[in-house]
1. Determine which aspartates and glutamates satisfy two conditions relative to Lys416: a Cα distance under 14 Å, and not lying fewer than 8 residues away in the same chain.
2. Rounded, prolate or oblate: which fits the range 171-285, taking a ≥ b ≥ c as square roots of the Cα gyration tensor eigenvalues, rounded meaning a/c under 1.5, else prolate when a/b beats b/c?
3. Compute the Cα gyration tensor for the range 313-431, then decide on rounded, prolate or oblate, letting a ≥ b ≥ c be the square roots of its eigenvalues: rounded whenever a/c is under 1.5, prolate when a/b is larger than b/c in the other cases, and oblate in all that remain.
4. Once the dipole of the chain is set up with Lys and Arg at +1 and Asp and Glu at -1 on Cβ about the Cα centre, which of Leu239, Ile78, Ala160 lies farthest towards its positive end?
5. How large is the direction-averaged shadow of the alpha-carbon convex hull of the chain, in nm²?
6. Mind telling me which of Lys237, Lys158, Lys71 comes out most flexible in a GNM of the chain, alpha-carbon contacts under 10 Å?
7. Under the rule of -39500 (n - 2.57) per DSSP H run of 4 or more residues, summed and divided by the residues of the chain, what mean residue ellipticity at 222 nm is obtained, to the nearest 500 deg cm²/dmol?
8. Among the lysines, select those whose C-alpha is under 24 Å from the C-alpha of Lys158, and discard any that sit fewer than 8 residues away in the same chain.
Amino acid sequence: MIDSLLIANRGEIARRIIRTARRLGIRAVAVHSEADAGMPFVLEADEAVCVGPANPAQSYRNTDAILAAAKQTGAQAIHPGYGFLSENADFARTVEANGLVWVGPSAEAISAMGDKINARNLMAAAGVPVAPGTQDPATSVEAALEAASAIGFPVMVKAAAGGGGMGMAVANDEAGLRAEFDKVRAFAERMFGDGSVLIERYFPRVRHVEVQILGLADGRVIALSERECSVQRRNQKLLEEAPSPAVSPELRQRFLAAAVLAGEAVKYRNAGTVECLLDPVSGEFFFLEMNTRLQVEHPITELIHGIDLVEQQLRIASGEAPTFDVDDLTTRGHAIELRVNAEDPKRFLPGPGKVATWVEPAGEGVRVDSGYGPDTTVTPFYDSLMAKLIVVGADRAEAIERARAAVAGFEIAGPKNNLPFFAELLENEEFLSGDYDTGIVARMR
């Protein structure tokens, strides 16, 4: 097992990784920006190094500064968390070239899955279901229109190098496609440095279901279970639950088998997630993308399986076997995660500010993974996620009851927060039925 770990991230995920590292006796090194100097993750680390000013490009994405911090502190490995450099193949390659252990998949796997068009083609060749779409980038509006004509409207216009729900637009007809194509391409060039655009069939009513995979040190790829991620705003997740209320035992087996095929196609190692779209009417599902990192919503999988995914990541990176029986992956109970963001609960616009009150809920089946606390400040420089409120119960009904109580017991004053939205959602009849899709938030508004 590695003995020292640099965490190239911030906030709740940095604290989450530190917690496991401490339990395993691994020295945890934090890197931080000047704006984050007094944050909980910095204070909880065994050692901390400032890597630059608030701007992420000069700190959390500053590869030279992060590698220098690893050298300075004698860190043996780097865990990238999610976001920032977690899916940067060049950084993963550089980490290993500097003799450090990269806690994640190979640079080759990251590259293969980082381009949505390449990923689609690889998955199709491996036998994983993919939605009708372009095999090559649409290089012009005319090419996009030709592709849409073959696929059939409506279509999704997507940045091939995008992620996190960014760089996506729906076109219902030719005029809509003409209007959206250049916008998506310009956004993709600005945000991802790659203007390649994918045209894919759009499903007006669809569920977003994903499968947690682990590529083990011995070469095997296993699929743990699925997560339901259909409660979204602007294609970004707000609530996840596991298992999915839409997935039957037979459908689950098909999901898991497809996820294993996806991982095996790129010789996947470490933790990853295979994201799919599920047509709730036909029961068909299609590969959406593979996230080559630990997901924000990994705790709900941890709770129903009774395992620590960060520990498994560290063991895999160290060449060790997992701590659980891979031939017995049964689950127990139902778990729900709510992303508590510093944003307006109606329009979901960012609302940073200094935290005046921060009281986390407690009780049976309640877990809070937070990045903030009293007297901390949510700045406009980073993602608005303040905490993840996670609950687990014997079944979905009990998990929802515990979520209601936990939301009511979570007190935050200072920054805006979306707890009132969750209080509304947890009483919504469509959500309570389990028969909902990615349009549920829009229908609530």
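Every number here is computed from the coordinates shown, using simple stated rules; none is lab data. Small disclaimer: the values here were computed from a predicted structure and weren't measured. Using ideal geometry, Cβ is built from the backbone for each residue, glycine included, and neighbour counts are taken over all protein chains shown.
1. The reachable aspartates and glutamates, counting only those whose Cα sits under 14 Å from Lys416, are Glu343, Asp344, Asp383.
2. Numbers: a/c = 2.28, a/b = 1.46, b/c = 1.56.
It comes out oblate by the Cα gyration axes.
3. oblate
4. Among Leu239, Ile78, Ala160, the one farthest towards the positive end of the dipole of the chain is Ile78.
5. Numbers: hull surface 77.5 nm².
Hull-based average projected area comes out at 19.4 nm².
6. Result for the chain, Cα springs under 10 Å: Lys71 fluctuates most.
7. Numbers: 15 runs with 152 residues, N = 445.
One gets -10000 deg cm²/dmol as the mean residue ellipticity at 222 nm.
8. In chain and number order, the partners are Lys116, Lys183, Lys237.
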